[in-house]
1. Could you go through region 77-87 and let me know if any residue there is at pLDDT 95 or above, open to solvent by 30 Å² or more (accessible area, probe 1.4 Å), part of a loop (DSSP other than H, G, I, E, B) and farther than 12 Å from I114 by Cβ.
2. Being open to solvent by less than 60 Å² (accessible area, probe 1.4 Å), within 12 Å of V110 (Cα to Cα) and not acidic (D, E) narrows it down to one residue among A46, A72; which is it?
3. Does A24 count as open to solvent by 80 Å² or more (accessible area, probe 1.4 Å), at pLDDT 90 or above and farther than 20 Å from H106 by Cβ?
4. Look through region 63-96, keep the residues that are of a type in the set (G, A, S) and over 25 Å from A28 (Cα atoms), and return whichever of them is nearest to the chain's Cα centre (by Cα).
5. Given the structure, is V58 touching a Leu at 6+ places or on another chain (Cβ under 8 Å) and surrounded by 13 or more Cβ atoms within 10 Å (Cβ to Cβ)?
6. Checking V99 against (1) more than 19 Å from N27 (Cβ to Cβ); (2) part of a strand (DSSP E or B), which test does it fail?
Amino acid sequence: MPNPSSAQDTPQGEVVIRTIGMPADTNANGDIFGGWLMSQMDLGGAVFARSIAGSRVVTVSVEAMSFVSKVAVGDTVTCYAKLLSVGRTSMRIQIDVWVHRFVDGHQVRVTEGIFTFVAIDDNGKPHPVKRETA
């Protein structure tokens, strides 16, 4: 996985979710929970994976994540997704999270992760990822 601290200066990929960090999503220090942020990444990644698979999807794994900056209440959180690879039934998707700081207006990269989703049918069984035909 790329090192977030040496990553690009601007977001890359497709916007898959945008929300605001709220007080109910904080820890005892008043910062947004990492688990809440990971949940937003999972939701956004699923939206992206569904559009690729043309069906329901489930999350099967998340590769290591590094939280490089905190998310504060009021920050606008945006998840960007980029397809890394497609297997027979699975998709590896990189999800980068950037925030637009409410306090000063700066845009900052806060975390990234690689999520693997599997395409499933109506019975919950894996099936091939829909592929475009030439």
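1. The answer is no, given that none of the residues of region 77-87 is at pLDDT 95 or above, open to solvent by 30 Å² or more (accessible area, probe 1.4 Å), part of a loop (DSSP other than H, G, I, E, B) and farther than 12 Å from I114 by Cβ.
2. Of the residues listed, the single one that is open to solvent by less than 60 Å² (accessible area, probe 1.4 Å), within 12 Å of V110 (Cα to Cα) and not acidic (D, E) is A72.
3. Working: open to solvent by 80 Å² or more (accessible area, probe 1.4 Å): yes; at pLDDT 90 or above: yes; farther than 20 Å from H106 by Cβ: yes.
So A24 passes the test.
4. It comes out as A81.
5. Here the answer is no, as V58 does not meet what is asked.
6. If we test V99 against (1) more than 19 Å from N27 (Cβ to Cβ); (2) part of a strand (DSSP E or B), just (1) comes out false.
Rundown of residues vs (1) of a type outside the set (F, W, Y); (2) open to solvent by 20 Å² or more (accessible area, probe 1.4 Å); (3) in contact (Cβ under 8 Å) with a residue 12 or more places away in the chain, yes/no style:
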residue: G30; (1), (2), (3): yes, yes, yes
residue: S90; (1), (2), (3): yes, yes, yes
residue: D96; (1), (2), (3): yes, no, yes
residue: V99; (1), (2), (3): yes, no, yes
residue: D104; (1), (2), (3): yes, yes, no
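The values are calculated or read from the model by the stated rules, or taken from the named source; none is laboratory data. What you see is a predicted model; the values in this text were computed from it and never measured. Positions of Cβ are backbone-derived with ideal geometry, glycine not excepted, and every protein chain shown enters the neighbour counts. What goes into the accessible areas is simple: the full protein's heavy atoms, side chains included, and nothing from ligands, DNA or RNA. Shrake-Rupley method; radii C 1.70, N 1.55, O 1.52, S 1.80 Å.
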